[in-house]
Structure formats: C-alpha cells, structure tokens
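**Student:** Handing you a structure now.
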Amino acid sequence: MYVINAGVVTISDKGSKGQRVDESGPALKEFLESKINAKVISMIIVPDEQDLIEKTLIYFADVLKLDLVLTTGGTGFAPRDVTPEATKNILEKDVPGISEVIRSKSLTITPKAMLSTGISGIRKGTLIINLPGSPKGATESISFVADALTHGLDILKEEANECAR
Amino acid sequence: MYVINAGVVTISDKGSKGQRVDESGPALKEFLESKINAKVISMIIVPDEQDLIEKTLIYFADVLKLDLVLTTGGTGFAPRDVTPEATKNILEKDVPGISEVIRSKSLTITPKAMLSTGISGIRKGTLIINLPGSPKGATESISFVADALTHGLDILKEEANECAR
Amino acid sequence: MYVINAGVVTISDKGSKGQRVDESGPALKEFLESKINAKVISMIIVPDEQDLIEKTLIYFADVLKLDLVLTTGGTGFAPRDVTPEATKNILEKDVPGISEVIRSKSLTITPKAMLSTGISGIRKGTLIINLPGSPKGATESISFVADALTHGLDILKEEANECAR
C-alpha cells in the first residue's frame, strides 16, 4: 500500500510574520498522518498574497509532485482572503463535490459554514483542497471527506485507472 | 449595532415597462427591514439585459457602496434569463455556499429548485445574492440564509476582521 | 404533449475503438424512453479527447438542436477524464443545481460520489448533463433529477416561458 505524499499550506498574514503561532498546519499534519495513510513532506506559512499563494501551490504540485495539498486560511469574507481565487487560477480540473460536502456537513455544526468560500480541484497529479483557517474548522472539514480521498488519489496516481473507467 | 445598507434589483422585462407590478422587490424590502437589521437604500427595476444588469450591480456596489444587494428574477431557463451571467461577470469573489444552501433548502419545498441558476458573491465591500423571480421564492430563499448573513457582512465591513482570521 | 428530443454521448477511449461494449449509452436510452417522454435521436461514442467532445456537443446542440444531451464517462480523476472541461467550454449558461442534486443523492449510495466532477448547463436550446461512466451510476444519476427536468425543458423550449417569469 503506497503512501500519500502530502503538503500543508497555512495562509496567514500574522502567521507569516511570526506574530501568531500556526496551530492549523500542525493539526492538519497530525490528522493526515494518524487518520489516513499520508506523509506530510512539506509545510509552509505564506501571507494572504494571491501571487505568493499561487506560486506555492504550483511549486508543491509541479516540482514536489505531491499527491495532496491542503490549504488552511484565507477562505472568508475579509478583503485579504484570496486563497480560493489563487487556487482557482492554478487548477486544471474542478472537483466541486469535495467542497460541497465540506460545506454541507459543516452546516450541521454552524450556519456560518455557508460563508466559507473554499474550492477543490486537481493540478497535474495533485489534489488541492482549501480548508478554513481555524484548527477545529480545518480538521473537521478534512475529516468529512477523508474516506473518499484515498480512492480519488488512487485514480489520480493512475494505479486504479483501469477499474475507474 | 450598525445597520446593513441594502439594495434590491428586480430584473423583469415586463416590470421595467410597467406591464407588470413588481411584487418581489417590495417583498424583499419588507423582509430585509423587518427580519434583519437592514435599511433598503435603493430599489430598481431593470429589463433582462445583461449589460444593464451588470451596470446596475456595479453602480450599487462601487458608487452606492451598499453592504448587501439582492436580485430577483432572471435565474431560470428562458433565453432572456441572464441574471447569473451578468452577476458572474462583475463579482470579484464567489461565495458558492450561499446559493448551495438556498437550492438545497428550496428542494425540500419543490424539486424545481434544482433548476434555479442563481449565484452569490462579493464585489468590493458588497455581497450580492441572486434570488428567484417570484415573491414567494425570493423571500423564502433569502430567509434560508438570513441568519448567517449578518456575520458575513460584519467581516466584509472589516468590523470583525481580526476575530475572523 | 411534446416529445423531448434527446442525445446520448458515451465518452470512452476503449469504447470508441471497439475494445469495450458500451453499456451506459443504451442504458440511458432505455431510461429516457421508458421513464420520461423522450426520444433518443442520436447516440455516439467518442474517445476522451477534449476537442472531439466539444465538437460533438456543439453539433448535438447547434445542428441537431436536441432538447437534452446526456454524456456518460470522463468525469473522474484520471488524467484523460476531460468531459466536464469540454462541457464547460461550450456551455452558455451554468445550471449548478442539477449536478449538486446528482452528487448529494449519489452520496447516500457511496461517498465516492463527491469525486464525480460532472457539470450541467445550457447551450442555446439544449440542456447538457454530465453523468458518470458506469451504467448503474449513469442511470441512477439521471433518475435523481428526472422529475424536475421536464419542467426545465418546457421553459427552455419557451412553451412555458410566460408562466415561468
């Protein structure tokens, strides 16, 4: 059984300047390594700058060739929340169902979940999923979709290509 | 407690020519002012012309700087239904969850709700939400998301910016 | 009562080369003709080539002027799955609710449904819906939305235009 090579990108102006301790990134690493068969290869904190977020996602997908990249932060209504716009620009394929499930299951916890603007999709061999900024919101969100992910990543790696068609 | 400055745009060929009385616009004004802490600053009826709808939304967002703009009409399958296309063109940020909730809750009332093409999103400091054309459909739809709106508008106005990140 | 003129496009590399028998196309034809008032005018098998899929959909919509076109296949995570990207390029109007309902109802059967990337929308007078590749997945998916379709197609044909506004 292969291991999922994963990356975690924390998007936070304060975190990137060391003015806030990043709790969401480590929480996602803990989840990925304990709950699904993933190894977090790379973690990074970047400010809420669209260009920087895009370059980070491209690097994680095209150079590091990770199977799965989770982002946390930047999915709200604040003017500097630009994570989904950055993600949209670099995706090759939309996977709307993942974010639909995250939102609909999160709605059973709080109606504010409908305001979360995260998207999901694929660039080359990498599945990218935007998650909320809080440690609780981020780990809850990924837990809602974790079961289906392994199957999707199998196909993405073409290991299960034949049976999927 | 601040007041939400709102606008209502009724999109209707017949309404714009005075051949039909606009009941949806006034119904939305009544809802906004009685159910949430909003003041409807501006109401307008425009025909189903994409360019006119875009210009109206831009004016409401950029010049009037309203916090919330609701549209009613033009979200169906008819060839002249172009409200979502006009809205999409002028949005800076998609907020898919609002329209997902409107559709999924409306589906408990009628399966036809899946055919409603409305979208939601943000332009500058303005949240824009497409609603169906009928007074009942429009007010039902906004009622499904009203509770979460105030929170989102707080953040949009940056009054709650810090705690949201 | 008018008849819905429909088309079915099976997207499959192996099917297009005769290396696999297409079971999904005939299953959709059977569903459309027995369960809703449709006549399948045209069926075709094309490989997973984006350009070819786009040209087929344009031909079915603009030349054959079909009311409804269903696609089956190419909505997964495999690198050659490009049906939604091809469809998106030729649509004039998004109808996100149809695919939202297909995914949310399919999720009650399997969590893998969240990975299905199908979209729905309108080009000129034609409603186009992407369905999964398997006969079971394709027919289940269309059955989830069939009741609402006839109403939408009525409006699309402008026969029910007046009452819809």
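**Student:** If you average the sequence gap of Cα pairs under 8 Å that are 6 or more apart and divide by the length of chain B, what percent do you get for the contact order?
**Tutor:** This gives 25 percent for chain B.
**Student:** If one computes the Cα centroid of the range A:85-153 and of the range C:30-59, what distance in Å separates the two points?
**Tutor:** With the range A:85-153 and the range C:30-59 each reduced to a Cα centre, they are spaced 31 Å.
**Student:** Another one. Expected output is a single nm value to one decimal: the length gained when fully extending between residue C:2 and residue C:63, i.e. 0.36 nm times separation in residues minus the C-alpha distance. What is it?
**Tutor:** Gain on extension, residue C:2 to residue C:63, equals 20.0 nm.
**Student:** Report the charge-dipole magnitude of the protein assembly as shown in Debye, nearest 20, computed about the Cα centre from +1 at each Lys and Arg Cβ and -1 at each Asp and Glu Cβ. Please list the in-between numbers first.
**Tutor:** Numbers: 57 positive and 66 negative charges, 78 e Å.
The calculated dipole for the protein assembly as shown is roughly 380 debye.
**Student:** Now a separate question. Can you give the % of DSSP beta bridges in the protein assembly as shown that are antiparallel, to the nearest 5?
**Tutor:** 25
**Student:** Calculate, for residue C:44 and residue B:23, the FRET efficiency according to 1/(1 + (r/R0)^6) with r their C-beta to C-beta distance and R0 51 Å; round to the nearest 0.05.
**Tutor:** Numbers: r = 47 Å, r/R0 = 0.91.
With R0 = 51 Å, the Cβ-Cβ based efficiency is 0.65.
**Student:** Calculate how many DSSP beta bridges within the range C:32-165 are antiparallel, expressed in % of all such bridges and rounded to the nearest 5.
**Tutor:** Working: 6 of 11 bridges.
The answer is about 55 percent antiparallel.
**Student:** Continuing with the same structure: Using unit Cβ charges (K, R positive; D, E negative) and no other charged atoms, how large, in debye to the nearest 20, is the dipole of chain C about its Cα centre? All intermediate terms of the calculation are to be shown ahead of the outcome.
**Tutor:** Working: 19 positive and 22 negative charges, 52 e Å.
About 240 debye.
**Student:** With +1 assigned to the C-beta of every Lys and Arg and -1 to the C-beta of every Asp and Glu, and no other charges, what is the dipole magnitude of the range B:1-41 about the Cα centre in debye, to the nearest 20? Intermediate results must be reported in sequence, preceding the final value.
**Tutor:** Numbers: 6 positive and 5 negative charges, 11 e Å.
Computed about the Cα centre, the dipole is about 60 debye.
**Student:** Say we join alpha carbon atoms closer than 10 Å with springs in a Gaussian network model of chain C; which of C:98, C:44, C:11 then has the biggest fluctuation?
**Tutor:** Among C:98, C:44, C:11, the largest GNM mean-square fluctuation belongs to C:44.
**Student:** Using the heavy atoms of the protein chains and a 1.4 angstrom probe, tell me the accessible area per residue for chain B in square angstrom.
**Tutor:** Numbers: 6770 Å² over 165 residues.
Value for chain B: 41 Å² per residue.
**Student:** Hey, could you get me the Stokes-Einstein D for the range B:4-156, Kirkwood radius over alpha-carbon pairs, 10 °C and 1.306 mPa s, rounded to whole µm² s⁻¹?
**Tutor:** Numbers: Rh = 15.0 Å.
Translational D for this selection: 106 µm²/s.
**Student:** So, one more: How much net charge surrounds residue A:126 when only the other residues with a Cβ under 10 Å from the Cβ of residue A:126 are counted, with Lys and Arg +1 and Asp and Glu -1?
**Tutor:** 0
**Student:** Can you find, among C:8, C:57, C:21, the residue farthest towards the positive end of the dipole of the range C:4-156? Put +1 on the C-beta of Lys and Arg, -1 on that of Asp and Glu.
**Tutor:** Selected residue: C:21.
**Student:** Still on this structure, please answer the following. Given 10 °C and 1.306 mPa s, how large is the Stokes-Einstein diffusion coefficient of the protein assembly as shown in µm²/s, with Rh as the Kirkwood radius over Cα pairs? Each step should come with its number before you reach the end.
**Tutor:** Details: Rh = 23.3 Å.
Answer, rounded: 68 µm²/s.
**Student:** OK, next. Considering chain B as a Gaussian network with a 10 Å cut-off on Cα pairs, which listed residue, B:108, B:56, B:71, attains the greatest mean-square fluctuation?
**Tutor:** B:108
The values are calculated or read from the model by the stated rules, or taken from the named source; none is laboratory data. Being a predicted model, the structure only gives us computed values, none of them experimental. FYI the Cβ positions are ideal-geometry reconstructions off the backbone, even for glycines, and counts take in every protein chain you see. Only protein heavy atoms, including side chains, enter the accessible area calculation; ligands, DNA and RNA are left aside. Shrake-Rupley method; radii C 1.70, N 1.55, O 1.52, S 1.80 Å.
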